[in-house]
Amino acid sequence: MTSAIKSLAPTPPMGWNSWNMFGDNISEAAIRETADALVSSSLKDCGYNHIVIDDCWSVKNGRDKNGNLIADPKKFPNGIKALADYVHDKGFKIGIYSDAADRTCGGYPGSLGFEEQDANLWTSWGIDFLKYDYCNAPLYNQAEAIKRYTCMGEALRKTNRDFLFSLCEWGNQSPHLWGRQVGGHMWRVSGDVFDSWVNVAMKGWFGIGIDVSIDLAHDLHTYGGPNGWNDLDMLVVGLKGKGQISGSGMSFLEYQTHMSTWVMACSPLMIGCDVRKMEADTASLLMNREVLAINQDALGIPASRVKQIGTCEVWTKRLADSGTAIAIMNRGSRGEDISLKARDIGLLETPKLARNLWLQEDIADFRVDLAQRIEPHQTILLKVSQS
Ligand code: GLA
């Protein structure tokens, strides 16, 4: 079933997506500046190598006389091809967005009935990635969803250009069960994650809080793996309540728990904040190479929750070098002192090196147990190598 699907996403895709920060206020200038900033900040060197143009890039009221989508000339005065050339020259791949119905979520033309034509147009522009949304399509009809995504997957493959195919059905119709079959390399598992610890309803939108995504990551962990990832949604790290996506922002430790969860779950890591103005605390969360290495580990095994200690949870993830990544997460509202026992998480009671990845420090010998203080909504990430 998967043989026709190229190995375009052996590890979770990384990059930047326009939606969380810019919404319909996107422009060619902002995306060029973002590409420049991804390079100058070293985010690109850390692996963030896709730039995805989300909804609202085309002319809203229709197609041209040949039925082709038209890039909005006000937002993209030089067209998408010129922008693709610009970001390709800097070593990025470029993504675009459409929808499996006649209209996108923002009310722009969708691709239903135009799958091959649109795939060919994007090919002529040099597009490498498609995020395919599901607004205005039947919500509770799995066979129809599979049909619409299959149709676009086939259209993309017919072009003979490599397209990374990102399914954005929000998990209502279990895309983790059929995402690979339709050619998808990643599939959203929820509605839109907002810049908030708990679920929020704002401005007529319903948003998922990070505390809810954490449970989804555990529930679906067996479905993610090389070339087919559970997509927990774009990152909200660094938005600080300023993005177009709703939510009033989170504390540093909450953003750290958000990042730790996405990393451990092998979720794609698509930055959503304005990287042209990235602050040092945000950079420390997005650019910790030891943390990113856990997400990009070659085995590609998503973490699962193995132990509950009061309000704290322990998650583990097996790594290609025989090490184990461990997340200790406090979802409660009071600080906790916990003692993590090697035996409880399947580790031998032998000498082992434990490294705190967020701090990039080796910590005390962890033979039998390890005492840790964990603040509310904090996550400590460890890597343990058996010696
Ligand atoms: C949906 C998707 C978002 C974004 C918007 C654009 O809500 O889930 O990620 O693409 O549409 O309108």
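The values are calculated or read from the model by the stated rules, or taken from the named source; none is laboratory data. These numbers come from a predicted model, not from an experiment. Glycine also receives a Cβ, built like all others from the backbone with ideal geometry; neighbour counts cover every protein chain displayed.
Results for (1) of a type in the set (S, T, N, Q); (2) closer than 12 Å to Val275 by Cα; (3) in a loop (DSSP other than H, G, I, E, B), shown as yes or no for each residue.
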| position | (1), (2), (3) |
| --- | --- |
| Ile26 | no, no, yes |
| Ile31 | no, yes, no |
| Asp36 | no, yes, no |
| Val39 | no, yes, no |
| Ser42 | yes, yes, yes |
| Cys46 | no, no, yes |
| Cys56 | no, no, yes |
| Gly62 | no, no, yes |
| Lys65 | no, no, yes |
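Check the stretch 233-241 and report whether any residue there is modelled with pLDDT under 95 and touching a Gly at 6+ places or on another chain (Cβ under 8 Å). Looking for residues that are modelled with pLDDT under 95 and touching a Gly at 6+ places or on another chain (Cβ under 8 Å), one finds at least one in the stretch 233-241, hence yes. Residues that are more than 30 Å from Gly113 (Cα to Cα), surrounded by fewer than 21 Cβ atoms within 10 Å (Cβ to Cβ), assigned by TED's automatic domain parsing to the domain that holds Gly249 and more than 16 Å from the ligand (Cβ to nearest atom) occur in the stretch 71-87; there is at least one.
Looking at Leu130, Leu139, just one residue is within 16 Å of the ligand (Cβ to nearest atom) and surrounded by fewer than 17 Cβ atoms within 10 Å (Cβ to Cβ), and that residue is Leu139. Scanning the stretch 185-202 for residues that are of a type in the set (A, V, I, L, M, F, W, C), part of a loop (DSSP other than H, G, I, E, B) and either over 14 Å from Asp133 (Cα atoms) or more than 14 Å from the ligand (Cβ to nearest atom) (or both) yields Phe194, Trp197, Val198. Of all residues in the stretch 283-310, which are of a type in the set (S, T, N, Q), in a helix (DSSP H, G or I) and either in contact with a Phe, Trp or Tyr (Cβ under 8 Å, 6 or more places away or on another chain) or under 17 Å from Asp321 (Cβ atoms) (or both)? If the condition is that a residue be of a type in the set (S, T, N, Q), in a helix (DSSP H, G or I) and either in contact with a Phe, Trp or Tyr (Cβ under 8 Å, 6 or more places away or on another chain) or under 17 Å from Asp321 (Cβ atoms) (or both), then Asn295 is the only one that fits. Being in contact with a helix residue (DSSP H, G or I) (Cβ under 8 Å, 6 or more places away or on another chain), under 20 Å from His258 (Cα atoms) and in the same structural domain as Ser166 (by TED's automatic domain parsing) holds for only one residue in Leu357, Leu286, and it is Leu286. Residues in the stretch 91-120 that are aromatic (Phe, Trp, Tyr) and either closer than 15 Å to Ala71 by Cα or more than 24 Å from the chain's Cα centre (by Cα) (or both) were compared, and the one that is farthest from the ligand (Cβ to nearest atom) is Phe114.
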